[in-house]
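Reviewing the structure listed below.
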């Protein structure tokens, strides 16, 4: 619903939505938000449950509020990136 690629200061938030499959065991991923200058500005860790016949895919998401983006010094235009990385067991931020 209302999926788009370009955001401005009038948007309330940005959601990155992901779909995973073939998850064999409960695991954790981090979603790292980088501004167009390549600076890490936000990280969230998310638990992902295993997939099975009943749930062949798992869905997870991260939300960044624009009031957070506006606290970045100056206006930053360009492509924001979100990296998704598996976390090793026992590692939590």
| Given the structure, is residue 64 within 19 Å of residue 88 (Cβ to Cβ), assigned to a strand (DSSP E or B), under 12 Å from the mean Cα position of the chain (by Cα) and in contact (Cβ under 8 Å) with a residue 12 or more places away in the chain? | no
| task | Identify, from the list 89, 85, the residue that is out of contact with any helix residue (DSSP H, G or I) (no Cβ under 9 Å at 6 or more places or on another chain), modelled with pLDDT under 95 and not in a loop (DSSP other than H, G, I, E, B). | result | 85
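The values are calculated or read from the model by the stated rules, or taken from the named source; none is laboratory data. All values reported here derive from a predicted model rather than from experimental measurement. Quick reminder, even Gly has a Cβ in these numbers, built from the backbone with ideal geometry, and neighbours come from all protein chains shown.
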